[in-house]
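Working notes, structure below.
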Amino acid sequence: MLRDKYRAEIDDILSRYPVKRSALIPLLYLAQREQGYITEASMTEIAGLLRLTPSQVYETATFYTMLNLKKVGKFHIQVCKSLMCALVGSDTVIGWMKTKLGIAPGETTTDGLFTLTAVECLAACGTAPMMQINDDYYERLTEEKVDRILADLKATGTSALKSGPYLWPESVTVKREA
Amino acid sequence: MPKYELVLLKNMMQPGYTGSLKDYEQAGGYQALRNTLGKIAPTDVTGTVMKSGLRGRGGAGFPTGVKWGFLPKDYQGPRYLCCNADESEPGTFKDRQLMERDPHQLLEGIVLACYAIGAASAYIYIRGEMVLGSKILEHAIGEARAAGYIGNNILGTGVTVDVWVHRGAGAYICGEETALLESLEGKRGLPRVKPPFPATHGLYNKPTVVNNVETLANLPHILNRGPEWFAGIGSPPKSTGTRVFCVSGHVKRPGNYELPMGVTVRELVYEHAGGMRSDKPLKAFIPGGASAPFLTPDHLDVKLDFESVAAAGSMLGSGGVTVMEEGTSMVWAALRLMEFFYHESCGKCSPCREGSSWLVQTMRRIIAKRGQMQDLETLTDLCKNIAGRTVCAFGDAEVSPIMSTLKHWRHEYVTLIHEAEAANLIRPESTGARH
């Protein structure tokens, strides 16, 4: 039960809003963090916590793409396929991913490690092509970079190639000094 | 390259600047807050912002001070400020930089806006995917709270402002201000019918202002340097200040460039963004994010301000400039954006929900060389029946890629259809309206 395990965190979330229902998405995130996806049981429990009906929770949970209602792999790879990424090669990245992982977008590898999804814009068009894996952005992707990221994740569960805060345009500093 | 003074990106361009409270204070941060809270009347702060000519940087370009002025003066209950950080417009990535690289600049702007409108609570509605940005902001809020810039009795002035980060969960429509409010209330992000406007019936039905990240980040500078200074930058009187232009697509150095409004597309693309990435000439560009109609090389000297871009048949929108080189299929480009809108339509209004599906199906058929000439009429007809017939501006946005590419590059659609006819690939099932 979320209530027993995360009582302090739930109370903290609830304290931010004058109306309980506002805590719904933060609590759904909490449930997702716990199990990797949002189960029907956790939605029912959240409904009780917020004094909502289960269907009020379902209607919100089913609207948002980041709330997983079914199990995803340990690493959820979301490659942006919108125009700005597509102009500079996101289709190639998706194709490369498919070859390397042996799965199509929407599928999970048999070892349960990777789920591949082609998604719409992640607001990193200046550093395209890009993807998000779990909480992290990976930008300016190339096939070599993708290979290293996948190998890193398999070996250590993380990769040094993930992005930090927003990346500068390449070589812009040099140009401005000139 | 002409030299321009950076305003919003100035601090973060300094070597070693981390965006910490200490760095921000050393760069003169929180001075505007110290000089304003309790010293200048809230209505005068609003007046200053009105005088500066600052217009919303999220897309619609509504004058910020005027928006604040719509809040009921005599209302005694709670009021709210919502910072719209749900940056999701394809082609736009400026708010992420402002939040991740200089979070205190935004927080100072938020507290100043709260003071002006009399709000004690602010929510930063950040798009869910930006986990790093939300962590950086939460850390910065903690720093500002400890230093007395956020919380009860700020710097002993008796002003209280609390700020919270609220992560969205992946829905483009939540950047629309009323959909954002619905989402913040824990519901599906469906836009509300306006009026009533958020100024009177916003979050929890209370008076609310929704401002974009870049808009709020401008406030400390306007209060520090005066409205005349701000109004003197850009294309006065209606497009004042700088703009963080996001350049993406086929240029050598895609990225964010802060320039005065009124800079030409030619200068932005060829001087700041390094020009085209290959030797191919520019074929098309979008001047203001995915909602803005495509323009052609004939429009390269159009000034990037609200009026000039509108006069050229497009809109400045979110400031996202996407560049396409010769050889890009405009039918394909329009389809890619159409697929975005189809995916992101919230489903509330039938013209948008059903129409986006029909548009995508028809476009896919044309691309797959199974189209026919009457499809072009179908597309135009669909667009005319979507635009202006929806609760929010999403309907207008979703038809812009198709309408503008049909206007400027109709021959590309015709060529694909002629190829389909020549190859005799038209199948019986594709001749009717079946999907």
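The values are calculated or read from the model by the stated rules, or taken from the named source; none is laboratory data. Note that the structure is a prediction, hence the values are computed from the model and not measured. Please note: Cβ atoms are built from the backbone with ideal geometry, for glycine as well, and neighbour counts cover all protein chains shown. SASA here: full protein model, heavy atoms, side chains in, ligands and nucleic acids out. Shrake-Rupley method; radii C 1.70, N 1.55, O 1.52, S 1.80 Å.
Just want to confirm a number: the relative contact order over chain A, from Cα pairs under 8 angstrom separated by 6+ residues, in percent. Each step should come with its number before you reach the end.
Values: 215 pairs, mean separation 27.7, N = 178.
Contact order relative to length: 16 percent.
Determine the distance separating the Cα centre of the range B:279-293 from the Cα centre of the range A:1-68; give it in Å without decimals.
The two parts, judged by their Cα centres, are 42 Å apart.
Buried accessible area for the B:A pair, summed, 1.4 Å probe, in Å² rounded to 100? Display every interim value, and only then the final one.
Working: alone 17950 and 10690 Å², together 23610 Å².
Adding both sides of the contact gives about 5000 Å².
In chain A, what cysteines have no partner Cβ closer than 4.7 Å?
A:CYS121, A:CYS125
How would you classify the range B:124-204 from its alpha-carbon gyration tensor, with a ≥ b ≥ c the square roots of the eigenvalues: rounded for a/c under 1.5, else prolate if a/b is greater than b/c, otherwise oblate?
Details: a/c = 3.88, a/b = 1.47, b/c = 2.64.
Taking the square roots of the gyration eigenvalues as a ≥ b ≥ c, the range B:124-204 is oblate.
Can you tell me which of A:77-84, B:198-205 comes out highest on packing, and rank the rest after it, using the mean Cβ neighbours within 10 Å?
Numbers: A:77-84: 27.0, B:198-205: 20.0.
My ranking of the peptides, most packed first, is A:77-84, B:198-205.
Could you give the angle, 0 to 90 degrees to the nearest 10, between helix A:24-35's Cα long axis and the longest principal axis of the Cα atoms of chain A?
That works out to roughly 70 degrees.
Can you list the aspartates and glutamates whose alpha carbon is less than 18 Å from that of B:LYS303, not counting same-chain residues fewer than 8 positions off?
Reachable aspartates and glutamates: B:GLU258, B:GLU267, B:GLU271.
Over chain B, what relative contact order in percent results from Cα pairs under 8 Å that are six or more residues apart?
Details: 869 pairs, mean separation 68.4, N = 435.
With pairs under 8 Å counted, the relative contact order is 16 percent.
Below 17 Å, Cα to Cα, which lysines can B:LYS22 reach? Residues fewer than 8 away in the same chain don't count.
Here the lysines satisfying the reach criterion relative to B:LYS22 are B:LYS10.
Where the Cα atoms of chain B are projected onto their three principal axes, how long is each span, largest first, in whole Å?
Rounded to whole Å, the extents work out to 79, 48, 37 Å.
Can you classify the range A:1-140 as rounded, prolate or oblate using the Cα gyration tensor, where a ≥ b ≥ c are the square roots of its eigenvalues, rounded means a/c under 1.5, and otherwise it's prolate if a/b beats b/c and oblate if not? Could you put the intermediate results ahead of the total?
Details: a/c = 2.67, a/b = 1.96, b/c = 1.36.
In terms of gyration-tensor shape, prolate.
Averaged per residue, what accessible area in Å² does chain B show with a 1.4 Å probe, protein chains only?
36
Counting only other chains, and only Cβ atoms inside 10 Å, what mean value do you get across the residues of A:8-18? Please report the intermediate quantities before stating the final value.
Values: counts 0, 0, 0, 0, 0, 1, 0, 1, 6, 9, 6.
Mean partner shielding for this stretch: 2.
How shielded is B:314-322 by partner chains, expressed as the average number of their Cβ atoms within 10 Å of its Cβ atoms?
Working: counts 0, 0, 0, 0, 0, 0, 4, 0, 4.
Counting Cβ atoms of other protein chains within 10 Å of each residue's Cβ and averaging gives 1.
Among B:ALA179, B:LEU300, B:ALA119, whose Cα sits farthest toward the positive end of the charge dipole of chain B (+1 at Cβ of Lys/Arg, -1 at Cβ of Asp/Glu, about the Cα centre)?
So the residue we want is B:ALA119.
Can you give the angle from 0 to 90° between the axis of helix B:374-386 and the longest principal axis of chain B, with both taken from C-alpha atoms, to the nearest 10?
Its long axis makes an angle of about 30 degrees.
Can you pull the mean other chain C-beta count within 10 Å for peptide B:186-196? Walk me through the intermediate numbers first.
Working: counts 16, 8, 6, 3, 1, 0, 0, 0, 0, 0, 0.
Mean partner shielding for this stretch: 3.
Over 31 Å between C-alpha atoms is what I'm after, so list which of B:LYS238/B:LYS407; B:LYS67/B:LYS94; A:LYS74/B:LYS280; B:LYS67/B:LYS348; A:LYS74/B:LYS348 land there.
Pairs exceeding the cut-off: A:LYS74/B:LYS280; A:LYS74/B:LYS348.
Take every Cα pair under 8 Å in the range B:226-342 that's 6+ residues apart, average their separations, divide by the length, and report that relative contact order as a whole percent.
On the way: 231 pairs, mean separation 30.0, N = 117.
After rounding, I find 26 percent.
Ranking request for peptides B:79-85, B:152-158, B:402-408: highest mean number of other beta-carbon atoms within 10 Å first, then the rest in descending order.
Working: B:79-85: 26.3, B:152-158: 13.3, B:402-408: 20.6.
Output ranking for B:79-85, B:152-158, B:402-408: B:79-85, B:402-408, B:152-158.
As a test of reading the structure, rank B:GLU377, B:GLU177 by solvent-accessible area (1.4 Å probe, protein chains only), most first. Walk me through the intermediate numbers first.
Details: B:GLU377 130, B:GLU177 40 Å².
The most accessible residue leads, giving B:GLU377, B:GLU177.
Given a 1.4 angstrom probe, I'd like the percentage of the accessible area of the range B:187-337 that is carbon and sulfur, rounded to a whole number.
Working: 2490 of 4510 Å².
Carbon with sulfur: 55 percent of the solvent-accessible area.
Do any residues of the range A:74-122 lose at least 50 Å² of accessible area when the full set of protein chains is present rather than just their chain alone, and if so which, with a 1.4 Å probe?
A:LEU83, A:MET84, A:LEU87, A:GLU120, A:CYS121
Per residue, what accessible area does chain A have, given a 1.4 Å probe and all protein chains present, in Å²? Write out the running numbers ahead of the final one.
Working: 8090 Å² over 178 residues.
Ligands and nucleic acids excluded, the result is 45 Å² per residue.
DSSP beta bridges in chain B, what fraction antiparallel, as a percent rounded to 5? Mind dumping the intermediate values first?
Numbers: 17 of 38 bridges.
The antiparallel proportion sits near 45 percent.
Suppose accessible area is computed on protein heavy atoms with a 1.4 Å probe; arrange B:MET50, B:MET315, A:MET131 from highest to lowest. Display every interim value, and only then the final one.
Numbers: B:MET50 100, B:MET315 75, A:MET131 0 Å².
Ranking B:MET50, B:MET315, A:MET131 by accessible area, largest first, yields B:MET50, B:MET315, A:MET131.
Ignoring ligands, DNA and RNA, how do B:ARG101, A:ARG7 rank by accessible area with a 1.4 Å probe, largest first? Intermediate values should be presented prior to the final figure.
Numbers: B:ARG101 55, A:ARG7 135 Å².
In descending accessible area the options line up as A:ARG7, B:ARG101.
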